[in-house]
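Below is one structure, written out as C-alpha cells; the observations come after it.
The values are calculated or read from the model by the stated rules, or taken from the named source; none is laboratory data. Bear in mind that the values here come from a model prediction, so they are computed numbers and not experimental data. Cβ atoms come from the backbone with ideal geometry, glycine included; neighbour counts cover every protein chain shown. The accessibility values were calculated without ligands, DNA or RNA, using every heavy atom of the protein model including side chains. Shrake-Rupley method; radii C 1.70, N 1.55, O 1.52, S 1.80 Å.
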Amino acid sequence: MPHVIVKLYAGRSDEQKQRIADEITKALMNAAGSSEGSISIGIEDVEPSAWTVSVYEPDIAAKTDTIFKKPGYAPA
C-alpha cells in the first residue's frame, strides 16, 4: 500500500498536480508491482520561503538514510 507525499513549491495547477500523481502511480505500478487501487498520492504546496525549515531540514537532511534520490542543491 504505497502512499507518497510530494512537496512542491506552491503555484502548480490542479492539472499539473494530477499529471504528477498519474506519472508516480504508473512508476509505482511498474517498479514496485503495486496495483493502482493500492496507491495513494498527496501533493502539498510549500511556500519557497518555508522550504528549508518545512521540507529540507526535517525530510531530507534529517533522513539521509531514506533518501534514494538526493537533491543537487543545499539551502542557502
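Points worth noting:
- Fluctuation leader among Ile20, Ile60, Ile41 - the chain, Gaussian network, Cα springs under 10 angstrom: Ile60
- Along its three principal directions, the equivalent ellipsoid of the range 3-42 from the Cα gyration tensor extends over semi-axes of 20, 9, 8 Å, largest first.
- Accessible area per residue, Å², the chain with all protein chains present, probe 1.4 Å: 72
- Per residue, the convex hull spanned by the alpha carbons of the chain comes to 106 Å³.
- Gain on full extension, evaluated as 0.36 nm per residue between Ile5 and Ser40 minus their Cα-Cα distance, stands at 11.7 nm.
- Across the chain, the mean sequence separation of Cα contacts (distance under 8 Å, 6 or more residues apart), normalised by length, yields a relative contact order of 41 percent.
- Relative to the Cα centre, the charge distribution of the chain, modelled as +1 at Lys and Arg Cβ and -1 at Asp and Glu Cβ, gives a dipole magnitude of about 240 debye.
- Taking amide H as placed 1.01 Å from N in the peptide plane, Ile43 has its amide H under 5 Å from the amide H of Val6, each at least 5 places away in sequence or on another chain.
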